[in-house]
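Single-structure report; data block below.
Derivation of every value follows stated rules applied to the coordinates shown; laboratory data play no part. Keep in mind the model is a prediction, meaning the values are calculated, not measured. Positions of Cβ are backbone-derived with ideal geometry, glycine not excepted, and every protein chain shown enters the neighbour counts.
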Amino acid sequence: MAKILVIDDEKAIRRSIKEILEFEKHSIDEAEDGHMALEMALKNNYDIILSDIKMPKLDGIELLQKLVEQKVNSSIIMMSGHGTIETAVDAVKNGAYDYLAKPIDLNRLLVSVRNALEKSDLVTETKVLKKKITKSVDMIGDSKAIQNIKDIIEKVAPTDAKVLITGSNGSGKELVAKWLHEKSNRANGPLIEVNCAAIPSELIESELFGHEKGSFTSAVAQRKGKFELAEGGTLFLDEIGDMSLSAQAKVLRALQENKITRVGGDKEIKVNVRVIAATNKNLEKEIEKETFRQDLFHRLSVIPIHVPSLDERKEDIPLLTDYFLDLICTEMGIAKKTISKDALKAMQERNWPGNIREFRNVIERLIILGGKEITPLDIKQFG
């Protein structure tokens, strides 16, 4: 079901089109002139706008131009009873999806609406995919801390130096790892991620190094581990502070010798992998408690990178807000929402214990539940 705005100064024509489209289960709003239509189009996210060309106050072509200028995402279909080929061409040149001559042919109308909806779905899907491709490893911020991280990445990424990324949960450690991989000479190879905290201690060795058939009860077939799967690329060991001491010893050997042995096997397998690790723990304190190996710590922390919490870089909140408004609205296929200055100030004044992860969730909630412009009241109610 689509949400459609029908614009015509003749009430009978509006009602006729409305009845036809409502029969097809679409939701229809009406406007009798261009000014009313423009106001409605800017407040609502219409899938399709059907507009007459000859109208008082603001004609259809002028309305079309204003809608395009305002970057309204609706597919716009123009209609006219006084049309010529030049009129149709002019409408399409100005951004219209289609042109219909009056009297409106029922089948032609339904085909145009259906095609416009399919086109809209494809455009939305394409935008989402582009966002995922081009912005998946964006690091947003102009703060000194973020600029320092970007500078380090530019210097370190082309090397095979091991990197230890530290920072609280949700601060963006995974993003730093992705940047290091994307800017490295291994960018065409795989980036394999392992969340060490999410894997039971008895399974972590099999996950990292693989296993041979029959090596334990559920090992019904030979299986490659993450080290082998990351061959020629990067292995990202997230939350390495939660790894068992036994697995730590084997990871240390793999880093020293560039060789691994599968669980239940005796064959040494050479690996060519760059290892990047991350943790939200203070590993030096874990070493004192004898829950983390000091020799592994020194192997991993050739280049240490600390990711600051969001509360430590609140000057980046305006940029982050604009970024997530754009990203999330595109993913949802809706016009980008705005945020008032007072609301933005309120976002900067509050604390963010969940860091970027929490911040993104709040922006998404405000987009869904708030108005076209996010206000301090929206933040008080939904933030």
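If both residues of a DSSP beta bridge must be in the chain, then about 10% of such bridges are antiparallel. Selection among 383, 143, 20 by position relative to the dipole of the chain gives 143 as farthest towards the positive end (Cβ unit charges, Cα centre). Ordering 36, 369, 204 by Cα displacement along the dipole of the chain toward the positive end leaves 204 in first place; charges were set at the Cβ atoms of Lys, Arg (+1) and Asp, Glu (-1).
Think of the chain as a dipole: +1 on every Lys or Arg Cβ, -1 on every Asp or Glu Cβ, centred on the Cα centre; then among 187, 117, 169, 187 lies furthest on the positive end. In plain terms, the C-alpha convex hull of the range 145-296 casts an average shadow of 9.3 nm² when viewed from every direction.
What you get for the chain, charging only the Cβ of Lys and Arg (+1) and of Asp and Glu (-1), is a dipole of about 920 debye around the Cα centre. Charged side chains reduced to their Cβ positions (Lys and Arg at +1, Asp and Glu at -1) give the range 237-335 a dipole of some 760 debye around its Cα centre. Computed from the alpha carbon atoms alone, the convex hull of the chain holds 198 Å³ per residue. Each stretch of four or more DSSP H residues adds -39500 (n - 2.57); spread over every residue of the chain, this sum gives -14500 deg cm²/dmol at 222 nm.
A simple charge model with +1 on the Cβ of Lys and Arg, -1 on the Cβ of Asp and Glu and nothing else charged puts the dipole of the range 311-382 at about 180 debye relative to its Cα centre.
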